[in-house]
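Undergrad: Quick one: the structure is below, questions incoming.
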Amino acid sequence: MTDSTALSALATTHRPLGTLTGAASLVLGPALIALALATLHEPWLGDLPNHDVVDHEHGLLMLSFNLAAAAFPFLFGSVFALALAARRAPRLAGAGLACSVLGLSAMSANAMLSVPIVLMNGIAEHAPLDELAGRLAQPPLAFLYLFPLFLVGSILQAVALHRAGALSRWAALAVALGGLFPAAMVLGIGLLALPIAALRIAGSVPIITAMLRTRTDSSDA
């Protein structure tokens with residue numbers, strides 16, 4: 001295959017807009033969810049709403065939830081971008097993608113459960129709201145507890161990326177550790193999400209660079 005033929009095939013496989021979206025997702029997904037967790041003041045007090053937080057930190061809660069809403073589309077895009085980069089290790093890449101998507105879906109669903117709590121600000125009568133919150137705090141869906149799969153998926157994708165030759169060992173390790181967002185959620189330490197996001201983005205830099213180079217080459221072709 002000549003160089004011109006190879007470039008033509010590459011341009012067909014990797015459309016410029018798709019590579020730009022993937023590269024942006026690898027940065028914006030981790031960055032936005034880290035900011036969402038770092039600005040989150042827990043609206044729950046056990047199984048009941050923390051009315052003091054809901055009433056007095058409502059603006060910050062809304063900022064956090066808006067950041068999270070913006071983050072999830074990019075997070076989903078980022079795991080698909082990683083799977084594409086690891087396509088030379090298809091089984092690991094596929095398993096990692098499946099676990100990541102399930103984990104992200106559960107994380108998103110859990111965030112949505114707190115939206116009614118956040119919107120309770122300014123309501124004087126707490127008893128009915130506490131009853132509603134009690135029902136929200138005991139969801140019947142086992143799916144909601146699958147959010148740790150995002151970490152499992154990150155580890156599998158990191159291994160796939162290393163085996164596919166897309167990342168060095170240390171970059172792959174950074175991507176794997178960048179899957180620890182569920183730990184920051186469970187521990188309630190939102191600021192922990194900031195170094196986690198930094199690791200995820202740093203580990204993804206070689207992939208981002210390759211995607212942008214492919215976009216440039218495709219445009220030139």
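The values are calculated or read from the model by the stated rules, or taken from the named source; none is laboratory data. Quantities reported herein were computed from a predicted structural model and do not represent experimental measurements. Virtual Cβ from ideal backbone geometry, glycine too; neighbours counted across all protein chains shown. In case anyone asks, the SASA skips ligands and DNA or RNA and just uses the protein heavy atoms, side chains included. Shrake-Rupley method; radii C 1.70, N 1.55, O 1.52, S 1.80 Å.
Undergrad: If I filter the range 99-114 down to residues being more than 14 Å from A69 (Cα to Cα) and in contact with a helix residue (DSSP H, G or I) (Cβ under 6 Å, 6 or more places away or on another chain), which single residue comes out as surrounded by the fewest Cβ atoms within 10 Å (Cβ to Cβ)?
TA: The residue in question is L102.
Undergrad: Could you pull out the residue among L146, L177 that is of a type in the set (A, V, I, L, M) and under 18 Å from A109 (Cα atoms)? Talk me through it step by step, then tell me what you get.
TA: Working: L177 fails: under 18 Å from A109 (Cα atoms).
So the residue among L146, L177 that is of a type in the set (A, V, I, L, M) and under 18 Å from A109 (Cα atoms) is L146.
Undergrad: Residues to consider are I117, I123; find the one that is buried (at least 17 other Cβ atoms within 10 Å of the Cβ) and either farther than 20 Å from A184 by Cβ or in contact with a helix residue (DSSP H, G or I) (Cβ under 8 Å, 6 or more places away or on another chain) (or both).
TA: Answer to the check: I117.
Undergrad: Please indicate, with yes or no, whether at least one residue in the range 130-142 is modelled with pLDDT under 95 and on the phi > 0 side of the Ramachandran plot.
TA: No, the conditions are met nowhere in the range 130-142.
Undergrad: Quickly run through the range 155-184 and pick out the residues that are assigned to a helix (DSSP H, G or I) and either closer than 14 Å to L97 by Cβ or polar (S, T, N, Q) (or both). Give the steps one after another, and end with the answer.
TA: Filtering the range 155-184 down to residues assigned to a helix (DSSP H, G or I) leaves 155-163, 169-177, 181-184.
Across the range 155-184, the qualifying residues are I155, L156, Q157, A158, V159, A160, L161, V175.
Undergrad: Restricting to the range 18-30, name every residue that is open to solvent by 30 Å² or more (accessible area, probe 1.4 Å) and either under 18 Å from L104 (Cα atoms) or in contact with a helix residue (DSSP H, G or I) (Cβ under 8 Å, 6 or more places away or on another chain) (or both).
TA: Matches in the range 18-30: L20, T21, A24, V27, L28.
Undergrad: Considering the range 126-144 alone, what residues qualify as being touching a Leu at 6+ places or on another chain (Cβ under 7 Å) and either open to solvent by 70 Å² or more (accessible area, probe 1.4 Å) or farther than 21 Å from D52 by Cβ (or both)?
TA: P139
Undergrad: Which one is surrounded by the most Cβ atoms within 10 Å (Cβ to Cβ) among residues in the range 185-206 that are at pLDDT 95 or above and within 18 Å of S100 (Cα to Cα)?
TA: Per the stated criteria, the residue is R200.
Undergrad: Okay, next question. Which of (1) surrounded by fewer than 19 Cβ atoms within 10 Å (Cβ to Cβ); (2) at pLDDT 95 or above does D3 not meet, given it meets every other one?
TA: (2)
Undergrad: Another one. For the range 33-46, check the following and say yes or no: at least one residue is modelled with pLDDT under 95 and over 19 Å from L191 (Cβ atoms).
TA: yes
Undergrad: A further question follows. Those residues that are open to solvent by less than 30 Å² (accessible area, probe 1.4 Å) and more than 14 Å from the chain's Cα centre (by Cα), I need them from the range 145-184; list them, please.
TA: If the condition is that a residue be open to solvent by less than 30 Å² (accessible area, probe 1.4 Å) and more than 14 Å from the chain's Cα centre (by Cα), then A158, A160, L161, A164, L167, A171, A172, A174 are the ones that fit.
Undergrad: In the range 125-154, which residues are among the polar types (S, T, N, Q), assigned to a loop (DSSP other than H, G, I, E, B) and within 30 Å of S204 (Cβ to Cβ)?
TA: If the condition is that a residue be among the polar types (S, T, N, Q), assigned to a loop (DSSP other than H, G, I, E, B) and within 30 Å of S204 (Cβ to Cβ), then no residue fits.
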